[in-house]
Amino acid sequence: MKLKKSFLPSLWTILMSMVKGPTTCFSKTTTSGVSVGASPTTSHNLKVDLHTHHLPPVYKEALLAANYTHIDGFSLSAVEGNAFLWTPQAHQDLNARVGIEKSYLSITSPGVHLVPGEDRAAAELAREVNDYTASLCRDKPEEFGMFASLPLPDLDASLDEVRRMRRRWNVNAFVVLSNAHGVYIGDEALGALYEELNEARSVVLVHPTSPCLQLHKAAPLNQSTSSWPPNAIYEGSEIVFSDHRDRSPRIVHANPTHFIDPMIEFPFETARVAAKLVLNGIVSKYPHIRWILPHGGGALLPLVERIGSLAQGSSYLQARDSTTTSGSDDRNQTIPQEAEDSFADQVRRFYFDLAGFPMPHQLPSLLDLFPSLEEASHKIVYGSDYVWTTSKTVERVASQLEEGLPSLLGGEKHLVTRIWRGNAQALMNGQ
């Protein structure tokens, strides 16, 4: 079954620069500004953009060839005259206006695995998109860096692409969507990928996409699937039996509203992934992966205490029994009971970017997550969310941050500089 996606609000409000990294195309970021094109306006703080998107020509062609008419709720016809006009020069021109000295490019939703089951096409598209971007970074190393795309949920092909990008292009930063056709980041089924990324000490940017479920079996709200035989599924009002293990699961779009996915679903996709990464023990088991959560943590921040409190017992595992399954079943996971590492402590291990709409509410809430402004300033990076976010919105949000960030950080200029570019430079240079 083909899953149609729709273009993001976070995406219609995202994209733009990223920084230099541990790759050949991640050369040292200068502190004097962009070396090609107009220099960033001196009235701006120089920035490194870790959340910005691009549309290589081969990717645009692939979307059309896969018969995408919508992405995350957005009509493709509505964006063909905007995001589809992306060029490196247009990106550099915006950077100059906003004061961005380097942009780290990434492919956003729907990623490179466009059609469920078409693994070979996804692996090929990942290679083509990544090679295009790496070549651009090689030619313009002061302006562009990259996060390489992976053809998840194909685990073997994704491992091959991680190794290929590290070997051929010296790229050690990757972008993953919150889920790949219902297989969620944080699922233990992806353990081999976490091991690879952990060993390489990779930087991983998580980006939300449309929520999806794989329907192996589902039950009405007043029943539980935990006691069913392994070949039982629920269809209509009856429990029927089918050897579903030998057939591909049915994938459904899990947005219960008529609103575009980036409006409400994206922030909760981010929260969902963060919770799975912590509660399934991924963060503690693979401590060398540097995870970046987008959009200031999405809907996670007001839920930290709630999730942490409920996770102290096993009740949330019982509730999981009565739900539809995602790519792998969380019911068999054990909750890491670390006396000195609460849920909130582990959440503070993530990095958070400021793409989207960080002012006036998201950024203050993010700062409150940490015991001190000093500690918070080490975990926040800038993101423009271009090109799905229009250039006008990028400039407006950047102006709001320019005005508000110094006062939120108590006038400490070194903390401001750390968020604008220092953290990104350290991350992308493997420090």
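The values are calculated or read from the model by the stated rules, or taken from the named source; none is laboratory data. Since the structure is predicted, the reported quantities are computational estimates derived from the model, not experimental observations. Every residue, glycine among them, receives a Cβ derived from its backbone with ideal geometry; neighbour counts consider all protein chains shown.
Checking the condition of a type in the set (Val, Ile, Thr) and surrounded by fewer than 22 Cβ atoms within 10 Å (Cβ to Cβ), which residue from THR417, THR389 passes? Write out each step before concluding.
Details: THR389 fails: surrounded by fewer than 22 Cβ atoms within 10 Å (Cβ to Cβ).
After ruling out the rest, the residue left standing is THR417.
Out of SER365, SER384, report the one residue that is in contact with a His (Cβ under 8 Å, 6 or more places away or on another chain) and of a type in the set (Gly, Ala, Ser).
On inspection, the qualifying residue turns out to be SER384.
Of the numbered conditions (1) in contact with a Pro (Cβ under 8 Å, 6 or more places away or on another chain); (2) under 24 Å from ILE289 (Cα atoms); (3) modelled with pLDDT of 95 or more; (4) small (Gly, Ala, Ser), GLY404 fails exactly one; give the number of that condition.
(2)
If you take the residues of region 328-356 that are modelled with pLDDT of 50 or more and in a helix (DSSP H, G or I), which of them is nearest to ALA398 (Cα to Cα)?
VAL347
Within region 258-314, track down each residue that is more than 30 Å from SER75 (Cβ to Cβ), among the hydrophobic types (A, V, I, L, M, F, W, C) and assigned to a loop (DSSP other than H, G, I, E, B).
Scanning region 258-314 gives ILE289, ALA311.
Give region 146-160 a look and list any residue that's surrounded by fewer than 24 Cβ atoms within 10 Å (Cβ to Cβ) and assigned to a helix (DSSP H, G or I), or say none.
Once the filter is applied, which keeps residues that are surrounded by fewer than 24 Cβ atoms within 10 Å (Cβ to Cβ) and assigned to a helix (DSSP H, G or I), region 146-160 yields LEU155, ASP156, ALA157, LEU159, ASP160.
Hey, can you tell me all the residues within region 271-291 that are within 17 Å of THR108 (Cα to Cα) and either of a type in the set (Lys, Arg) or crowded, with 24+ Cβ neighbours inside 10 Å (or both)?
Correct list: VAL273 only.
Given the condition in contact with a Ser or Thr (Cβ under 8 Å, 6 or more places away or on another chain) and either at pLDDT below 50 or not hydroxyl-bearing (Ser, Thr, Tyr) (or both), answer yes or no: does some residue in region 55-65 qualify?
Within region 55-65 (the criterion being in contact with a Ser or Thr (Cβ under 8 Å, 6 or more places away or on another chain) and either at pLDDT below 50 or not hydroxyl-bearing (Ser, Thr, Tyr) (or both)), the answer is yes, since at least one residue qualifies.
On the basis of being touching a Phe, Trp or Tyr at 6+ places or on another chain (Cβ under 9 Å) and either at pLDDT 95 or above or in a helix (DSSP H, G or I) (or both), does LEU193 make the cut?
Working: touching a Phe, Trp or Tyr at 6+ places or on another chain (Cβ under 9 Å): no; either at pLDDT 95 or above or in a helix (DSSP H, G or I) (or both): yes.
So LEU193 does not fit the description; no.
Identify the single condition in (1) at pLDDT 90 or above; (2) over 21 Å from the mean Cα position of the chain (by Cα); (3) surrounded by 14 or more Cβ atoms within 10 Å (Cβ to Cβ) that ASN45 does not satisfy, given that it satisfies every other one.
Failing condition for ASN45: (1).
With respect to the numbered conditions (1) within 26 Å of THR270 (Cα to Cα); (2) in contact (Cβ under 8 Å) with a residue 60 or more places away in the chain, which one is the sole condition not fulfilled by VAL162?
Unmet condition: (2).
Could you grab the pairs with beta carbons closer than 7 Å, sequence gap of 6+ or different chains, first residue in region 181-208 and closer than 17 Å to ASP160 by Cα, second one in a loop (DSSP other than H, G, I, E, B) and among the hydrophobic types (A, V, I, L, M, F, W, C)?
The qualifying pairs are TYR194/ILE289; LEU197/ILE289; ASN198/ILE289; SER202/ILE289; VAL204/ILE289.
Is there any pair with a first residue in region 367-387 that is under 13 Å from ARG421 (Cβ atoms) and a second that is charged (D, E, K, R) and part of a helix (DSSP H, G or I) whose Cβ atoms are under 6 Å apart and which are 6 or more apart or on different chains, and what are they?
The qualifying pairs are SER377/ARG418.
Quick check: anything in region 167-186 closer than 26 Å to ILE419 by Cα and more than 17 Å from the chain's Cα centre (by Cα)?
Yes: one or more hits.
Does at least one position in region 169-181 carry a residue that is surrounded by fewer than 18 Cβ atoms within 10 Å (Cβ to Cβ) and more than 22 Å from GLU61 (Cα to Cα)? Before you say what the answer is, go through the steps one by one.
Step one: list which residues in region 169-181 are surrounded by fewer than 18 Cβ atoms within 10 Å (Cβ to Cβ), which gives 170.
Okay, now just the ones that are also more than 22 Å from GLU61 (Cα to Cα), so 170.
Checking region 169-181: at least one residue is surrounded by fewer than 18 Cβ atoms within 10 Å (Cβ to Cβ) and more than 22 Å from GLU61 (Cα to Cα).
Name the helices (runs of 4 or more DSSP H) wholly inside region 359-431 in which the number of residues that are among the β-branched types (Val, Ile, Thr) is 2 or more.
Where helices (runs of 4 or more DSSP H) fall fully within region 359-431 and carry at least 2 residues being among the β-branched types (Val, Ile, Thr), they are 391-408, 413-417.
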